[in-house]
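Note sheet for the following structure.
The values are calculated or read from the model by the stated rules, or taken from the named source; none is laboratory data. All values derive from a computational prediction rather than experimental measurement. Every residue, glycine as well, gets a Cβ built from its backbone with ideal geometry; the counts of neighbours run over all protein chains shown.
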Amino acid sequence: MKVSDTQQAILDFIAARIEAEGVPPSQTEIANALGFRGVRAAQYHLDILEQAGLIRRVPGQARGIRLCTPPTESAEDVEIPVPSRRDSIENEALRLPVLGRVAAGLPIGADIGSDQVVLLDRNFFSPAPDYLLKVKGDSMRDDGIFDGDLIGVHRTPDAHSGQIVVARIDDEITVKLLKVSKGQVRLLPRNPDYSPIEVGPDQDFAIEGLYCGLVRPNR
């Protein structure tokens with residue numbers, strides 16, 4: 001499968017932005033530059049470029065796009081590798097349970113207990129996730145996380161300010177950008193239509209894990 005003219009244009013735009021400013025563009029900037037109606041289209045093309053090995057995305061970073069080939073190298077003849085044997089796929093795949101759902105909007109109850117298991121390429125994630133959660137809502141859309149996505153969660157109680165986390169607030173579960181300053185904990189959406197969540201001192205709060213990537217089921 002060859003990359004399209006649009007995907008080559010995205011590669012050129014990323015390379016030009018890195019050369020001019022030293023940092024890659026955000027998905028919103030890519031969408032605006034290419035004339036897309038929203039970031040979902042940019043996310044789609046970036047998914048293909050990542051599968052082709054032309055870029056790498058760092059989970060949890062708004063500008064986490066890394067070029068994997070020199071900007072002068074043409075990507076027109078790059079093919080996406082397709083495994084030829086089912087048994088080799090299963091041997092290399094991660095077997096991840098879908099434990100429930102997580103809100104990218106207001107916190108909702110975690111629907112824990114699903115028996116669903118998904119086989120996924122371990123290269124989709126960094127670090128390796130322990131389980132998947134299904135996203136409900138669009139408060140994290142500017143970081144490319146949309147309603148219905150399955151996000152990988154690396155189970156840990158520790159996180160740094162600036163990381164995307166899955167957090168529990170009074171037995172409710174949500175995914176947000178963690179911000180900690182002067183002892184105050186805030187969970188920030190990545191959509192201006194939503195308000196930040198400020199964690200009160202009397203609330204039961206815990207980090208359940210780190211966001212480490214996602215897969216988008218066929219809709």
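Taking VAL165 as meeting all but one of (1) under 30 Å from GLY53 (Cα atoms); (2) at pLDDT 90 or above; (3) over 19 Å from the mean Cα position of the chain (by Cα); (4) among the β-branched types (Val, Ile, Thr), write down the number of the exception.
Evaluating VAL165 over (1) under 30 Å from GLY53 (Cα atoms); (2) at pLDDT 90 or above; (3) over 19 Å from the mean Cα position of the chain (by Cα); (4) among the β-branched types (Val, Ile, Thr) leaves (3) as the failure.
Looking for something closer than 28 Å to PHE36 by Cβ, modelled with pLDDT of 90 or more and in contact with a helix residue (DSSP H, G or I) (Cβ under 6 Å, 6 or more places away or on another chain) - is there at least one such residue anywhere in the range 130-138?
no
Within the range 24-49, which residues are surrounded by fewer than 20 Cβ atoms within 10 Å (Cβ to Cβ) and either of a type in the set (Phe, Trp, Tyr) or within 16 Å of CYS68 (Cα to Cα) (or both)?
Listed by number, the residues that qualify are PHE36, TYR44, ASP47, ILE48.
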